[in-house]
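Engineer: Below are the structure tokens for one structure; questions will follow.
The values are calculated or read from the model by the stated rules, or taken from the named source; none is laboratory data. Everything numeric in this text was worked out from a predicted model, so none of it was measured. Glycine also receives a Cβ, built like all others from the backbone with ideal geometry; neighbour counts cover every protein chain displayed.
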Amino acid sequence: MGKKLLFIYYQNIKAGGVAKVLANLVNELVENGYEIDILFLMSEHEDFYPIDSRVKKHYVDSFGHWAFAVCAFNKRRLRFIPKLQAINDYIYQLGVTLLMNKWLKENHKNYDNIISCWYKLSCTLALNKNINKKTIAWEHTSHEVGGPLYNQLKLKYRNLKNVVVLNQNDFNYYKDINPKTVAIGNMMDKKTEAQDFIPNEQKSNLITMIARLDEEKNVLEFLEIIKESNLPQDWQVKIIGDGNQRKILENYINENSLTHISLEGQLNSDQVKDILSKSKISCLTSRREGFGVVLIEAMFSSNALIAYDCPSGPSEIINSKNGFLIPLRNKQQFQDKLKFLIENPNTLETLMKTSFQDSQNWKKDTIIKKWKNIL
């Protein structure tokens, strides 16, 4: 029997990068002989991303805790208070922490290692002397995210067994805090890795973006770029994802008669693969990324890439042979490169081929070996 590992995250009820790569990793680890448990910090729910039946799942209901009830009261009665959402975030996280610590107090001795899948959870566990030496912080967003309080708490990462990051920028930052910091890319699922190259002529004239519809992912700016690019009539754009800016984006599309753009909403993994397999170009206009795993997913589906050079991740994926890396907020250059690819199908085909070839560097064998080295 291999080592027994506990992963901790909030949920697996909807599309999201962390839940997706968590499912991919635990499914592969259990195949490699590890005994895996997951603690989800909400009530029992059906998995959005499939998890191997050998993985044991535990649930504690953070939305049933008194802290969430306080947050709900604040939203109803105290909406006039400045920065109420930020206050509620801290209150909710207090409830999460109390529930998680109570569960771990009773169960932590059952595990050889604990892997925390979000920085707010990792900050709490770094303070827990009973478990921090066997805890690994698995970081999924830039070290700059979190604000003053969490930035101070991240200094306690020095107490942890390891810190796993996704990009060189975060590696350089956390290495000074914890010398056992390692950079490990995110893993794709088996179906994604199994894809063959899809040539240009077998695809549609389709541009895709996979992103949450929120301010950080900057999708409105992508719509502005598409509008100003005056795409040929036979080209379509599909945006996969959902979020709090959906209504704003729908209004922009309708007001500007952008009938060639569709918001596909939240899709499951097979639906996303189906669209990417038909797409030729995949774009990203994020202001910030933990890594940009959707770009790698697009590479496995033979897409050329265009993305803003935001912190952090796209610069470690995109090169001159698989796409274009655009200076952040340079809409004109983004627009020019997009039009260039549409007008030059031979160049587009070359980038698509190289993109698929580069995707093979992100296969699971290398990634799982790095995880085994620290578990």
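Engineer: So, Lys337, is that one closer than 30 Å to Asn172 by Cβ, assigned to a loop (DSSP other than H, G, I, E, B) and either of a type outside the set (D, E, K, R) or at pLDDT 95 or above (or both) or not? Break it down stepwise before answering.
Structural biologist: Working: closer than 30 Å to Asn172 by Cβ: yes; assigned to a loop (DSSP other than H, G, I, E, B): no; either of a type outside the set (D, E, K, R) or at pLDDT 95 or above (or both): yes.
The answer is no for Lys337.
Engineer: Quick check on this structure: which one of Asn113, Asn74, Asn128, Asn107 is assigned by TED's automatic domain parsing to the domain that holds Asn172 and farther than 25 Å from Ile36 by Cα? Spell out the reasoning first.
Structural biologist: On the way: Asn113 fails: farther than 25 Å from Ile36 by Cα; Asn128 fails: farther than 25 Å from Ile36 by Cα; Asn107 fails: farther than 25 Å from Ile36 by Cα.
Answer to the check: Asn74.
Engineer: Here are some residues: Val165, Val70, Val96. Which one is β-branched (Val, Ile, Thr), at pLDDT 95 or above and either more than 26 Å from the chain's Cα centre (by Cα) or more than 26 Å from Lys20 (Cβ to Cβ) (or both)? Show your work before the answer.
Structural biologist: On the way: Val165 fails: either more than 26 Å from the chain's Cα centre (by Cα) or more than 26 Å from Lys20 (Cβ to Cβ) (or both); Val96 fails: either more than 26 Å from the chain's Cα centre (by Cα) or more than 26 Å from Lys20 (Cβ to Cβ) (or both).
The unique qualifying residue is Val70.
Engineer: If you don't mind, there's one more thing I want to ask. Which one is surrounded by the most Cβ atoms within 10 Å (Cβ to Cβ), of the residues in the stretch 70-104 that are among the charged types (D, E, K, R) and not in a loop (DSSP other than H, G, I, E, B)? First the steps, then the outcome.
Structural biologist: In the first step, residues of the stretch 70-104 are kept if they are among the charged types (D, E, K, R); the result is 75-77, 79, 83, 89, 102.
If we keep only those that are not in a loop (DSSP other than H, G, I, E, B) too, we end up with 75-77, 89, 102.
On the way: Lys75: 12, Arg76: 8, Arg77: 9, Asp89: 14, Lys102: 11.
That would be Asp89.
Yes/no per residue for (1) under 23 Å from Ala304 (Cβ atoms); (2) not polar (S, T, N, Q):
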| residue | (1), (2) |
| --- | --- |
| Cys123 | no, yes |
| His140 | no, yes |
| Ile184 | no, yes |
| Lys203 | yes, yes |
| Asn230 | yes, no |
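Engineer: Can you name the residue in the stretch 57-69 that is in contact (Cβ under 8 Å) with a residue 24 or more places away in the chain and in a helix (DSSP H, G or I) and is also surrounded by the most Cβ atoms within 10 Å (Cβ to Cβ) among such residues?
Structural biologist: Among residues in the stretch 57-69 that are in contact (Cβ under 8 Å) with a residue 24 or more places away in the chain and in a helix (DSSP H, G or I), the one surrounded by the most Cβ atoms within 10 Å (Cβ to Cβ) is Ser62.
Engineer: So how many residues does the stretch 23-56 have that are crowded, with 18+ Cβ neighbours inside 10 Å and either of a type in the set (D, E, K, R) or not in a loop (DSSP other than H, G, I, E, B) (or both)? Give the derivation first.
Structural biologist: Going residue by residue through the stretch 23-56, those that are crowded, with 18+ Cβ neighbours inside 10 Å are 23-30, 34-42, 48-49, 51, 55.
Imposing the further condition that a residue be either of a type in the set (D, E, K, R) or not in a loop (DSSP other than H, G, I, E, B) (or both) reduces the set to 23-30, 35-40.
The total comes to 14.
Engineer: Between Ile225, Ile248, Ile261, Ile326, which is in contact with a Lys or Arg (Cβ under 6 Å, 6 or more places away or on another chain), in the same structural domain as Asn344 (by TED's automatic domain parsing), among the aliphatic types (A, V, I, L, M) and more than 28 Å from Ile51 (Cβ to Cβ)? Before you say what the answer is, go through the steps one by one.
Structural biologist: Details: Ile248 fails: in contact with a Lys or Arg (Cβ under 6 Å, 6 or more places away or on another chain); Ile261 fails: in contact with a Lys or Arg (Cβ under 6 Å, 6 or more places away or on another chain); Ile326 fails: in contact with a Lys or Arg (Cβ under 6 Å, 6 or more places away or on another chain).
Every option except Ile225 fails the conditions.
Engineer: Something else: Answer yes or no as to whether Val145 is farther than 30 Å from Ser312 by Cα, surrounded by fewer than 19 Cβ atoms within 10 Å (Cβ to Cβ) and among the β-branched types (Val, Ile, Thr).
Structural biologist: no
Engineer: List every residue pair whose Cβ atoms lie under 7 Å apart, where the two residues are 6 or more positions apart in sequence or sit on different chains, the first residue falls within the stretch 16-35 and is under 17 Å from Lys363 (Cα atoms), and the second residue, located anywhere, is at pLDDT below 95 and among the charged types (D, E, K, R).
Structural biologist: Taking only residues 6 or more apart or on different chains, the pairs are Asn24/Asp189; Glu28/Lys364.
Engineer: Also, I was wondering about something else. Mind checking whether some residue in the stretch 168-185 is within 28 Å of Glu297 (Cα to Cα) and buried (at least 24 other Cβ atoms within 10 Å of the Cβ)?
Structural biologist: yes
Engineer: Select from the stretch 183-199 the residues that are farther than 22 Å from Gln271 by Cβ, modelled with pLDDT of 95 or more and not in a strand (DSSP E or B) and list them in ascending order.
Structural biologist: As a first pass, look at the stretch 183-199 and keep what is farther than 22 Å from Gln271 by Cβ: 183-185, 199.
Checking the rest, the ones that are also modelled with pLDDT of 95 or more come to 183-184, 199.
Selection gives Ile184, Pro199.
Engineer: Cβ contacts < 7 Å: first residue free of Cβ contacts under 8 Å to residues at least 40 places away in the same chain, restricted to the stretch 282-310; second residue among the acidic types (Asp, Glu), any location; separation 6+ or different chain. Result?
Structural biologist: Listed pairs, sorted by first residue: Cys310/Glu289.
Engineer: Okay, next question. Checking Ile240 against (1) part of a helix (DSSP H, G or I); (2) in contact with a strand residue (DSSP E or B) (Cβ under 8 Å, 6 or more places away or on another chain); (3) among the β-branched types (Val, Ile, Thr), only one condition comes out false. Which one?
Structural biologist: Condition not satisfied by Ile240: (1).
Engineer: Condition (residue is among the aromatic types (Phe, Trp, Tyr) and either within 27 Å of Asn230 (Cα to Cα) or in contact with a helix residue (DSSP H, G or I) (Cβ under 6 Å, 6 or more places away or on another chain) (or both)) applied to the stretch 289-301: is it met by at least one residue?
Structural biologist: Initially, the stretch 289-301 is screened for residues among the aromatic types (Phe, Trp, Tyr), giving 291, 300.
Now drop any that are not either within 27 Å of Asn230 (Cα to Cα) or in contact with a helix residue (DSSP H, G or I) (Cβ under 6 Å, 6 or more places away or on another chain) (or both), which leaves 300.
Yes; the residues of the stretch 289-301 include at least one that is among the aromatic types (Phe, Trp, Tyr) and either within 27 Å of Asn230 (Cα to Cα) or in contact with a helix residue (DSSP H, G or I) (Cβ under 6 Å, 6 or more places away or on another chain) (or both).
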